[in-house]
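Engineer: Here it is, the structure, as structure tokens.
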Amino acid sequence: MNQSVAYNLSFAYNINMAYICPICGFSKLKTPTRNPTICPACGTRFGIDDSSAKFPKRMSSAGIRRELTLAWFESGMLWWGSGRERPKDWDPKIELRNTEFYKNLQSEI
């Protein structure tokens, strides 16, 4: 298969793909969590809010995600918006199960 065909197949595949927010677990992101994606559920601005410059030195990326998840959780897990209407079936308690934070918490119990 030549490169052009492979690229086009890859692009077509990713059009319908949903991505998961590592902070709140929102499972319907339209783009991967890299700059300048903003999660409409929790409002995390990837590349800004998850920047190591905002956190103590030597904090791992997992630690940063954990802190952001806790902040969103403690603020009531509200839909942030970003010009996108909240899906009718959106339940933050269920979406949170998609996060590394939740999975680690379950393994500790």
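Engineer: Which ones in segment 14-69 are small (Gly, Ala, Ser) and either assigned to a loop (DSSP other than H, G, I, E, B) or touching a Gly at 6+ places or on another chain (Cβ under 6 Å) (or both)?
Structural biologist: The answer is ALA18, GLY25, SER27, ALA41, GLY43, GLY47, SER51, SER60.
Engineer: Considering only segment 87-95, I want to know if a residue exists there that is touching a helix residue (DSSP H, G or I) at 6+ places or on another chain (Cβ under 9 Å) and of a type in the set (A, V, I, L, M).
Structural biologist: no
Engineer: Run GLU95 past the list (1) over 18 Å from LYS28 (Cβ atoms); (2) charged (D, E, K, R); (3) surrounded by 13 or more Cβ atoms within 10 Å (Cβ to Cβ) and report the number of the one that doesn't hold.
Structural biologist: Only one criterion in (1) over 18 Å from LYS28 (Cβ atoms); (2) charged (D, E, K, R); (3) surrounded by 13 or more Cβ atoms within 10 Å (Cβ to Cβ) is unmet by GLU95, namely (1).
Engineer: Cβ-Cβ under 6 Å, sequence separation 6+ or interchain: first residue in segment 31-51 and under 14 Å from TRP79 (Cα atoms), partner part of a loop (DSSP other than H, G, I, E, B) and hydroxyl-bearing (Ser, Thr, Tyr). Which pairs?
Structural biologist: That search, which allows pairs on different chains as well, returns ILE38/SER82; PRO40/SER82.
Engineer: Sticking with this one: Please verify whether GLY63 is within 13 Å of the chain's Cα centre (by Cα), small (Gly, Ala, Ser) and surrounded by 13 or more Cβ atoms within 10 Å (Cβ to Cβ), treating the condition exactly as stated. Walk me through how you get there before you give the answer.
Structural biologist: On the way: within 13 Å of the chain's Cα centre (by Cα): no; small (Gly, Ala, Ser): yes; surrounded by 13 or more Cβ atoms within 10 Å (Cβ to Cβ): yes.
Spelling it out, it is not the case that GLY63 is within 13 Å of the chain's Cα centre (by Cα), small (Gly, Ala, Ser) and surrounded by 13 or more Cβ atoms within 10 Å (Cβ to Cβ).
Engineer: Let me ask something else. Given (1) assigned to a helix (DSSP H, G or I); (2) surrounded by 13 or more Cβ atoms within 10 Å (Cβ to Cβ), identify the lone condition not met by TRP80.
Structural biologist: Unmet for TRP80, out of (1) assigned to a helix (DSSP H, G or I); (2) surrounded by 13 or more Cβ atoms within 10 Å (Cβ to Cβ): (1).
Engineer: Anything in segment 66-109 that is within 11 Å of CYS42 (Cβ to Cβ) and among the charged types (D, E, K, R)? List them, or say none.
Structural biologist: GLU95
Engineer: From the set of residues in segment 5-60 that are under 18 Å from ARG86 (Cβ atoms) and among the basic types (Lys, Arg), which is modelled with the highest pLDDT?
Structural biologist: Among them, the one singled out is LYS28.
The values are calculated or read from the model by the stated rules, or taken from the named source; none is laboratory data. Remember, predicted model here, so these are calculated numbers, not experimental data. Neighbour counts are summed over all protein chains in view; Cβ atoms, including those assigned to glycine, are modelled from backbone coordinates with ideal geometry.
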